[in-house]
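Below is one structure; the comments refer to it alone.
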Amino acid sequence: MSTKPPPGPFDPEAFLTAIRTGKSVREYRPKQAIFSQGDAADAVFYLQRGKVKLTVVSHTGKEAVVALLELGSFVGEGCLAGQPLRMATATAMEEGAAVVRLERKRMILLLRAQPAFAQAFLVYLLSRNIRIEADLVDQLFNSAEKRLARILLLMARYGKEGKSEEVVAKISQETLAEMIGTTRSRVSYFMNRFRKLGFIEYASQRTGARPASLGAPSLGRLKVHDSLLNIVLHD
């Protein structure tokens with residue numbers, strides 16, 4: 001079967017769906033590893049559905065969250081640059097997360113033979129690199145409160161299509177704490193402050209159910225308002 005991309009705007013998912021060789025598709029349960037730190041790096045993965053968490057564990061056993069990836073993301077591309085082993089662990093965060101696995105050799109052939117696919121892949125990598133640089137600046141110069149506000153805005157896709165969205169995935173306060181480099185109790189304090197100021201609201205607030213408590217281990221469904229940007233901009 002031909003692997004030429006369909007006419008019109010290039011659609012990586014449609015393109016990858018049309019490929020019949022050198023790939024496989026698998027669904028993962030929440031907390032199930034797609035690949036683990038130290039595994040052989042022999043394939044690139046494309047997130048077709050759900051969300052994935054990237055974590056790294058130090059030699060002393062300390063774990064850090066590197067990134068949260070949404071559908072349409074590539075992961076594991078280090079193998080294309082000669083990386084022999086995985087530097088991080090990729091874990092599914094939602095039920096039914098679907099991931100396309102492309103063997104390293106197949107991925108290289110596609111990038112060489114399909115300019116539209118290569119361009120889309122390059123744009124993705126450059127966009128993620130910009131995000132990584134912004135994350136580093138945020139970690140070095142901003143307070144934990146500002147870092148948390150920025151993470152929530154990014155998860156709510158602030159600035160895309162002119163509106164924020166609900167954070168559907170149930171991300172734990174521990175995970176947020178690992179992402180911004182603080183404690184869970186501080187995250188809980190900031191989240192309650194944001195809620196009282198009207199910057200965020202839990203689904204329970206809109207349905208009339210009991211609101212999340214100070215020690216709630218998971219955020220559940222969350223609405224992030226554009227006004228949270230005030231925290232990021234405030235000096």
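The values are calculated or read from the model by the stated rules, or taken from the named source; none is laboratory data. Just so it is clear, the model here is predicted, and its values are computed rather than measured. Please note: Cβ atoms are built from the backbone with ideal geometry, for glycine as well, and neighbour counts cover all protein chains shown.
This table checks each residue for (1) surrounded by 20 or more Cβ atoms within 10 Å (Cβ to Cβ); (2) in contact with a helix residue (DSSP H, G or I) (Cβ under 7 Å, 6 or more places away or on another chain); (3) of a type in the set (A, V, I, L, M).
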{"position": "R29", "(1), (2), (3)": "no, no, no"}
{"position": "A33", "(1), (2), (3)": "no, no, yes"}
{"position": "S36", "(1), (2), (3)": "no, no, no"}
{"position": "Y46", "(1), (2), (3)": "yes, yes, no"}
{"position": "G50", "(1), (2), (3)": "yes, no, no"}
{"position": "V56", "(1), (2), (3)": "no, no, yes"}
{"position": "H59", "(1), (2), (3)": "no, no, no"}
### Message
Go through (1) in a loop (DSSP other than H, G, I, E, B); (2) at pLDDT below 85; (3) within 24 Å of S143 (Cβ to Cβ); (4) touching a Leu at 6+ places or on another chain (Cβ under 9 Å) for A169 and report which single condition fails.
### Response
(3)
### Query
For segment 198-216, what are the residues that are modelled with pLDDT of 65 or more and touching a strand residue (DSSP E or B) at 6+ places or on another chain (Cβ under 8 Å)?
F199, I200, E201, Y202, A203
### Task
Give me a count of the residues in segment 90-120 that are β-branched (V, I, T) and within 13 Å of the chain's Cα centre (by Cα).
1
### Positions within segment 220-229 being assigned to a helix (DSSP H, G or I) and at pLDDT below 85, in sequence order
D226
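Conditions (1) crowded, with 19+ Cβ neighbours inside 10 Å; (2) modelled with pLDDT under 90, marked per residue:
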{"position": "L68", "(1), (2)": "yes, yes"}
{"position": "L85", "(1), (2)": "no, no"}
{"position": "T89", "(1), (2)": "yes, no"}
{"position": "E94", "(1), (2)": "no, yes"}
{"position": "A98", "(1), (2)": "no, no"}
{"position": "K105", "(1), (2)": "no, no"}
{"position": "L109", "(1), (2)": "no, no"}
{"position": "Q114", "(1), (2)": "no, no"}
{"position": "N129", "(1), (2)": "no, no"}
### Query
For segment 62-162, which strands (runs of 3 or more DSSP E) that fit wholly inside it have 1 or more residues that are free of Cβ contacts under 8 Å to residues at least 60 places away in the same chain?
63-69, 89-92
### Query
So which of A113, A43, A98, A88 is under 30 Å from R147 (Cβ atoms) and not assigned by TED's automatic domain parsing to the domain that holds R184?
A88
### Message
Yes or no: segment 17-28 includes at least one residue that is within 16 Å of the chain's Cα centre (by Cα) and either modelled with pLDDT of 90 or more or under 21 Å from L109 (Cβ atoms) (or both).
### Response
yes
### Query
Does R195 count as in contact with a strand residue (DSSP E or B) (Cβ under 7 Å, 6 or more places away or on another chain), modelled with pLDDT of 85 or more and either surrounded by fewer than 20 Cβ atoms within 10 Å (Cβ to Cβ) or among the basic types (K, R) (or both)?
yes
